[in-house]
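The values are calculated or read from the model by the stated rules, or taken from the named source; none is laboratory data. Keep in mind it's a predicted model, so treat the numbers as computed, not measured. We place every Cβ from the backbone using ideal geometry, glycine too, and count neighbours over all the protein chains shown.
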Amino acid sequence: MRDTQRPVSGITGHRGVVEEGTVRVGDTVEAAIDAERRQDIERNHTATHVLHRALHLVLGPHAQQAGSLVAPDRLRFDFTHLQALTPEELARVGAIANGTILANNRVHDDWMDQREALASGAMALFGESTATASAW
């Protein structure tokens, strides 16, 4: 499996490579999740939220995520800010993010509508219809 996308509501499409044989319309296929790879991606996804929160604490709420790459072996976090971070700011962001990660708190999700989520302190990113809450 190379990618999963939702081209329209209610439909999930899977992109992959046929490693053996051929596939025809109507054939039954089996897709499996690589659990270790999925966990690596989940950890890096959570790390983007930790980093975003640390940037807010150090730089202020104007520092907003402007994109990211979340892969099993790395993440990239793009954000807006008025200037380059000073070495001191970078060290503070790193200390907050690393301290949060080292605290090893359980991650959980709560399902609620956007209004309720925002009232509980969640952040909505990129005009999303869903919000992400951090209980810190």
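Computed quantities for the displayed model
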item: Matching entry among ARG24, ARG43 (being farther than 26 Å from ALA124 by Cβ and at pLDDT 90 or above); result: ARG24
item: Test result for ARG76, closer than 29 Å to THR12 by Cα, among the basic types (Lys, Arg), at pLDDT below 95 and surrounded by 11 or more Cβ atoms within 10 Å (Cβ to Cβ); result: no
item: Residues within region 58-73 that are among the small types (Gly, Ala, Ser) and surrounded by fewer than 16 Cβ atoms within 10 Å (Cβ to Cβ), tallied; result: 4
item: Members of region 88-135 that are surrounded by fewer than 13 Cβ atoms within 10 Å (Cβ to Cβ), at pLDDT below 80 and at negative phi; result: GLU128, SER129, THR130, ALA135
item: Answer residue from region 1-57, given it is touching a residue at least 12 places away in the same chain (Cβ under 8 Å), part of a strand (DSSP E or B) and not acidic (Asp, Glu) and is surrounded by the fewest Cβ atoms within 10 Å (Cβ to Cβ) among those; result: ARG15
item: Index of the failed condition, HIS62 passing every other in (1) under 22 Å from LEU102 (Cβ atoms); (2) out of contact with any strand residue (DSSP E or B) (no Cβ under 9 Å at 6 or more places or on another chain); result: (1)
item: Among (1) part of a helix (DSSP H, G or I); (2) of a type outside the set (Lys, Arg); (3) closer than 30 Å to GLY121 by Cα - the single one PRO72 does not satisfy; result: (1)
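Residues checked against (1) part of a helix (DSSP H, G or I); (2) touching a residue at least 40 places away in the same chain (Cβ under 8 Å):
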| site | (1), (2) |
| --- | --- |
| PRO61 | no, no |
| SER68 | no, no |
| ARG76 | no, no |
| HIS81 | no, no |
| GLU89 | yes, no |
| ARG92 | yes, no |
| ALA97 | yes, yes |
| LEU102 | yes, no |
| ASN105 | no, no |
